[in-house]
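Computed from the coordinates by the stated procedures, all read-outs in this text should not be read as laboratory data. The model shown is predicted, which means the values in this text are computed figures rather than measured ones. Note: ideal-geometry Cβ built from the backbone for every residue, glycine included; neighbour counts use all protein chains shown.
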Amino acid sequence: MAIYDYNPYFCRGIVTMTATLPQMEDITEYFISILNQTHSIDIAEAEFKRAIADDDELHALYRQWCHEVGSSEKSGFIDFCEEYIDGRNEVWDSLNDYDE
């Protein structure tokens, strides 16, 4: 479930994710859901930071995930998002190469 908040600094509403993590198999699914809702790494990062500030359980899961993948808490979310988007772009690039 998502709640839409109006942010006067952006032309469109900002999505605040309120999905519960136990329904998700992995915290990375949560990352992807935020990224898909916001369509921007910067906005997704702001939303994620707000979420972990408000939810101690989510913050603990994130801290554990960062430890498991060898990333810092400061850059773990951004690193994941950039890698995820690069992977999606590679798929499109390979399809475009096929068309040529």
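Here each label is just a point 7 Å from Cα along the line to Cβ, and for Glu83 and His59 those points are 2.4 nm apart.
The peptide list 39-52, 63-76, put in order of mean Cβ contacts within 10 Å with the highest first, becomes 39-52, 63-76.
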